[in-house]
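Scroll down for the structure; my scribbles are underneath it.
The values are calculated or read from the model by the stated rules, or taken from the named source; none is laboratory data. All values derive from a computational prediction rather than experimental measurement. Positions of Cβ are generated from backbone atoms using ideal geometry, with glycine treated the same way; all protein chains shown enter the neighbour counts.
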Amino acid sequence: MPHHKPRSVIIDVGSLHTKAGFDGESTPRVIATLLAKQKITHSSTRNVLMHLQNPLVSPKKEYMIGKEIKNQSAMNMALFHPVERGKFKDLKQLEKLWDYMYETELKVSTSDCNLLIADNIFNPEENRQREHCAQILFESLKVPSLFFEHQSVLSMFGAGKLTGVLIDSGYGITHTIPFFEGIPLRDAIEVSNFGSQDLDQFLMNCLINLSDNLKINQIKQCIKNIKEELCFIKADPLAHSDCKPYELPDGTMVALRNELFEGGELFFKHQLADKSFHGIHQMAHRSILKCEPEIRKDLYSNVVLTGGNCKLFGIEHRLKREMKSLTGKQIKIHSTHYHDKECLSFIGGSIITSISTMDEAWITKKEWDEIGPDAFIRKGTIIID
C-alpha cells in the first residue's frame, strides 16, 4: 500500500502579519494582522455569569484575531502583538494565534499536518525561543512533525536565488543578509530595529498636526490608506512633488505633499525619525563589504527585496540610485510581483516542504519525546556557533 505523505502547514510569524497556508500553494490561505483581548467590563462579566448559569448562552470570546476584530468596538478591545521587532514576546498569545489559524482559517487538525515555522531567529542565544515553541507545538497542539527556518532563507528560496543580498524590511525590523550558494553569511548581516511601525508613527504625528479632531482609531485607518495608496519614494529626493487632496474622517480636506514622500525617506535617512541606524542602501553595502571580494560582484548583481515596506512605490529606482552613488556600481534587483514581496518567505516555505529531501529534516514528535531539544541540534535546526 503506498505511503501517504501528510500535508504540511507553513506559518510565517511576523511582527504585524502572520501568514499561514499549505505546502505547494503559491499564496497563503490567511494573513492575520492582530491579536486582541476583550477588556474586562461589566457587560463582559455579566455575559460569563449568564453562560455559567445557562450553558446554552454562548460566552463572548476572550481573544479575537484578524477579521474577528472588525465588528467589535475599539473601546472594548486591547490590541497587541505577540511578536515585537521580530522576536517572540508572548508564547501564550502565539499559541492562541496558531489555534485560530488551524481551527478557523485552515480548518485542519493540528495532529494531521507537519508544521514549518518561519521565524526571525539567527542567533544561538535565541535558541530558547524555538525550544519553548517546540514544547507548545508538540505537547499542547500535538503537531506530528516540526521544522524551523529563518524567514530570509525561505525568501531566497521563494525568489529562486542561491546567491545574492536579501533586503527584508517589515513592520518591526529591517535587515540585509548576503547569501552564497544558499548559505546565509551570518557574520555579514546588518540589522536595524526600524520598520513600518516607525513610518506609521511618523504619519500619525503628521496627521495630528493637520487635525486635532481625529480619534486614534480614525488616524490609524488614515495611515493605512495613505501608506497603501498615496505614499511613494522619490527617485531624486530633491525633485518637486505636487500636493494631493485627502479627506479626513471628520470631513476636513487637507493637502498632502511632504507627508507622502518624507515617510519613504525614512528608509534611506533614518535620522529623520530620530533613529541612529543606516539607510537600507548603506546596510546592503556594509553587508557586501563584509563578504569575500571574489563574490561581491555576484551579490551586487542579485539584490532581492522583501517585506511590506518594499512594496512602497519607487523604492527600487531609489535604491539603485543610492547604491550607484555609494559604490559606483550598478546593482541588479530581482523583480517580484507586487504582492509577492510580502509573501516571499511563505512561498519559499511552500516550496521546500513540497520536495522529497525535506522528509529527513522534520523533527518528529517521537524524537522530541525521546531526546527533547537535542533533536533539533542533531538535525541542525538549532543554531550553533
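Structure above, values below:
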read-out	value
Test: residue in the range 293-303 that is part of a helix (DSSP H, G or I), modelled with pLDDT of 90 or more and either within 21 Å of the chain's Cα centre (by Cα) or crowded, with 22+ Cβ neighbours inside 10 Å (or both)	yes
Contacts under 6 angstrom Cβ, first residue in the range 304-320 being closer than 21 Å to His150 by Cβ, partner surrounded by 23 or more Cβ atoms within 10 Å (Cβ to Cβ) and among the hydroxyl-bearing types (Ser, Thr, Tyr), 6 or more apart	Thr306/Ser155; Gly307/Ser169; Gly308/Ser196; Asn309/Ser169; Asn309/Ser196; Cys310/Ser169
Which listed residue is in contact with a Pro (Cβ under 9 Å, 6 or more places away or on another chain) and aromatic (Phe, Trp, Tyr), from Phe232, Phe202, Phe268	Phe268
Cβ-Cβ under 6 Å pairs, at least 6 apart or on other chains, the range 236-251 side in the same structural domain as Met204 (by TED's automatic domain parsing) and surrounded by 10 or more Cβ atoms within 10 Å (Cβ to Cβ), far side assigned to a loop (DSSP other than H, G, I, E, B) and among the polar types (S, T, N, Q)	Leu248/Ser211; Asp250/Asn213
Within the range 108-118, tally of residues that are surrounded by fewer than 18 Cβ atoms within 10 Å (Cβ to Cβ) and of a type in the set (Val, Ile, Thr)	1
Scan of the range 108-117 for residues that are farther than 16 Å from Lys19 by Cβ and assigned to a strand (DSSP E or B), ordered by number	Asn114
Evaluation of Met323 against (1) assigned to a helix (DSSP H, G or I); (2) at pLDDT 95 or above (one fails), failing number	(2)
Pick from the range 86-107, criterion buried (at least 18 other Cβ atoms within 10 Å of the Cβ) and not in a helix (DSSP H, G or I), ranking: nearest to the chain's Cα centre (by Cα)	Gly86
Qualifying positions in the range 159-175 - closer than 15 Å to Gly308 by Cβ and more than 14 Å from the chain's Cα centre (by Cα)	Leu166
Where Cys243 falls short, out of the listed (1) touching a strand residue (DSSP E or B) at 6+ places or on another chain (Cβ under 7 Å); (2) closer than 27 Å to Met323 by Cβ	(2)
Check on Glu370, at pLDDT 90 or above, more than 30 Å from Gly21 (Cβ to Cβ), part of a helix (DSSP H, G or I) and of a type in the set (Asp, Glu)	yes
Spans of strands (runs of 3 or more DSSP E) in the range 162-268 with at least 2 residues within 28 Å of Val83 (Cα to Cα) and polar (S, T, N, Q)	174-180
Evaluation of Ile183 against (1) over 21 Å from Ile333 (Cβ atoms); (2) without any contact (Cβ under 8 Å) to a residue 40 or more places away in the chain; (3) outside the structural domain of Leu312 (by TED's automatic domain parsing) (one fails), failing number	(3)
Filter result (of a type in the set (S, T, N, Q) and within 18 Å of Ala361 (Cα to Cα)) within the range 113-134	Asn114, Asn127
Total residues in the range 186-216, condition acidic (Asp, Glu) and free of Cβ contacts under 8 Å to residues at least 24 places away in the same chain	1
